[in-house]
Amino acid sequence: MLITKTEELAAFCAAHAETEFVTVDTEFMRERTYWPKLCLVQLGGPEQVVAVDPLAKGIDLAPLFELLADPKVMKVFHAARQDVEIFFNLTGKVPTLMFDTQVAAMVCGFGDSASYETLAGQLAGAKIDKSSRFTDWSNRPLTEKQITYALGDVSHLRTVYVRLRDQLQKTGRVDWVREEMAELTSPATYTIDPQEIWRRFKWRADKPRLRAVLRELAAWRETEAQRINVPRNRVVRDEALMEIAHHPPENAHDLSRIRGLSTGFAESRQGKEILEAVARANALPVEECPAGEARRVLPGGLGPVMDLLKVLLKQVCEEHNVASKLMANTDDLEAIAADDKADVPALHGWRRDLFGNLALALKNGELGLSVKNRKVVVSKLG
């Protein structure tokens, strides 16, 4: 069923306002825009699945937004982040309540970042046809094949959710998922601060002035990309921003010499605003320039300790059927090896109960690892 009218959408949402859960997915385009363009919303109730056309003439999505905000109805997504970002950009709110089957699958031992196809196959016995994944969802009319594909992303999700929910309740891990959902349900996750965008660059700026220039340039580009609704690199590429930061231009002629920037661009409004951003950064007192990330200085001899912690991590995750990526990463293990009081997720909450305390005991000589019947065994020492 394809919903193209507000009254049809309102009827579906009203009929599902008292249900336990509704599965949700979206199809969107963002290759040519900064903000994702919502092209289709798929919804699944206990007995009905529908596709909602947000591009239909005259349709009002208010009934959908009300359902997403209803705290009595669980909204079930798979790999929710991009879907939630779209709804947050449209409404300023994160859906409430919310459940992500990818997160739950990691808690239930389906490996790191289990795909929807994997879960649908293992839990719902369904085979997903992904041949329509990369079609242009903004073109109208939508084909029957596109709609059938899209509905499959919420129809089998109902069974996946129920099976995962039941497993979580049986194993007492409901709170684990709730804890992991904290980031996905926080509005801060979807709020972009242009002044902090520079930290996303995979590049170590080791001088305060250089960091200040990069911060101003990245903030300008982010704001400009939002204003004209194009991807960041359509405004100025990362490489060009870093080159400008390394060799700050003083005028349009200097700017035009940056690789990838033309004389016309350098003399345009955007070129002028780049020069103004550079000037603002250069005018800052050194003490007001952004601080870089503190370099972690680790004691020598941690290599063997790290190796032992990795073995322990794998053993614990296999024993308890939890994805190792969810439990701890290499940075966590490195921090634990260096400091018993390291502020890492592995030493908080359920992770500490399951792994963190064992890791500290192993590091401090209170546990030993051995092999018995080709399996790693953890034993108390002394």
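If you count the DSSP beta bridges with both ends in the chain, what percent of them are antiparallel, to the nearest 5?
If I count the DSSP bridges inside the chain, around 70 percent turn out antiparallel.
Looking only at Ala80, Ala245, Ala11, which one moves most when the chain is put into a Gaussian network model with springs between Cα atoms under 10 Å?
Looking only at Ala80, Ala245, Ala11, the biggest GNM fluctuation is shown by Ala11.
Sort the following peptides by mean Cβ neighbour count (other Cβ atoms within 10 Å, averaged over residues), highest first: 345-358, 276-289, 102-115, 47-60.
Descending mean neighbour count gives 102-115, 345-358, 47-60, 276-289.
Which percent, to the nearest 5, of DSSP beta bridges fully inside the stretch 1-133 are antiparallel?
That works out to approximately 60 percent antiparallel.
Keeping every protein chain present and rolling a 1.4 Å probe, give me the accessible area per residue for the chain in Å².
Computed with neighbouring chains in place, this is 53 Å² per residue.
Rounding to the nearest 20 debye, state how big the charge dipole of the chain is about its Cα centre with +1 on each Lys and Arg Cβ and -1 on each Asp and Glu Cβ.
The dipole of the chain has a size of about 880 debye.
Which lysines does Lys93 reach when only Cα atoms under 27 Å apart count, and residues fewer than 8 places away in its own chain are ignored?
Leaving aside lysines fewer than 8 places away in the same chain, those within reach of Lys93 are Lys5, Lys37, Lys57, Lys72, Lys75.
Determine the distance separating the Cα centre of the stretch 70-121 from the Cα centre of the stretch 196-236; give it in Å without decimals.
30
Mind putting together the pair-distance distribution for the chain? All Cα pairs, 20 Å bins, whole percent per bin, short to long.
P(r) over the chain, rounded to whole percents: 22, 43, 32, 2.
Please check: in the Gaussian network model of the chain (C-alpha springs, under 10 Å), which one of Lys75, Lys202, Lys363 has the largest mean-square fluctuation.
The residue with the greatest mean-square fluctuation here is Lys202.
With contacts defined as alpha carbon pairs under 8 Å and 6 or more residues apart, what's the relative contact order of the chain in percent?
Value for the chain: 14 percent.
So if I take the alpha carbon set of the stretch 82-147, get Rg, then get Rh from the Kirkwood formula, what is the Rg over Rh ratio?
Ratio value, two decimals: 1.04.
Whole number please: convex hull volume per residue of the Cα set in the stretch 29-133, in Å³?
Cα-based convex hull of the stretch 29-133, divided per residue, equals 145 Å³.
Give the Kirkwood hydrodynamic radius (Å, one decimal) of the stretch 320-372, defined as one over the mean of 1/r across all pairs of different Cα atoms.
11.5
Whole Å is fine, so just give me how far the alpha carbon centre of the stretch 1-47 lies from that of the stretch 139-173.
Result: 13 Å between the Cα centres.
Quick one, can you get me the convex hull of the C-alpha atoms of the stretch 99-222 expressed as volume per residue in Å³?
Given the Cα convex hull of the stretch 99-222, per-residue volume reads 171 Å³.
Give, in nm to one decimal, the length gained when the segment between Asn282 and Thr263 is fully stretched (0.36 nm per residue of separation minus the Cα-Cα distance).
Between Asn282 and Thr263, full extension yields 4.5 nm more.
Taking the Cα-to-Cβ direction at Val378 and at Leu302 and moving 7 Å from each Cα, how far apart do the two end points lie in nm?
The two pseudo-label positions are separated by 2.1 nm.
What does the charge add up to near Asn229, with Lys and Arg as +1, Asp and Glu as -1, over the other residues with Cβ less than 13 Å from its Cβ?
With Lys, Arg at +1 and Asp, Glu at -1, the neighbours total +3.
Calculate what fraction, in whole %, of the accessible area of the stretch 275-324 sits on carbon and sulfur atoms when a 1.4 Å probe is rolled over the protein chains.
55
Just to confirm a number: summing +1 for Lys and Arg and -1 for Asp and Glu over residues other than Phe99 whose beta-carbon lies under 10 angstrom from that of Phe99, what do you get?
Around Phe99, the charge tally is +2.
Given +1 on the Cβ of Lys and Arg, -1 on the Cβ of Asp and Glu, and no further charges, what dipole in debye does the stretch 171-248 carry about its Cα centre, rounded to the nearest 20?
Here the size comes out at about 300 debye.
Carbon and sulfur together cover what percent of the accessible area of the stretch 108-241 at a 1.4 Å probe radius?
Taking all protein chains in place, the stretch 108-241 shows 48 percent carbon and sulfur surface.
Cα to Cα, under 20 Å, and not fewer than 8 places away if on the same chain: which lysines meet these conditions relative to Lys130?
Lys145
Straight-line reach only, C-alpha to C-alpha below 15 angstrom: list the aspartates and glutamates that Lys380 could link to, leaving out same-chain residues fewer than 8 apart.
Partners within reach: Glu366.
The values are calculated or read from the model by the stated rules, or taken from the named source; none is laboratory data. In this text, all values refer to a predicted model and were calculated from it rather than measured experimentally. Because the Cβ atoms are built from the backbone with ideal geometry, glycine has one as well, and the counts that use them run over all protein chains shown. Note: accessible area is taken over every heavy atom of the protein model, side chains too, but ligands, DNA and RNA are not part of it. Shrake-Rupley method; radii C 1.70, N 1.55, O 1.52, S 1.80 Å.
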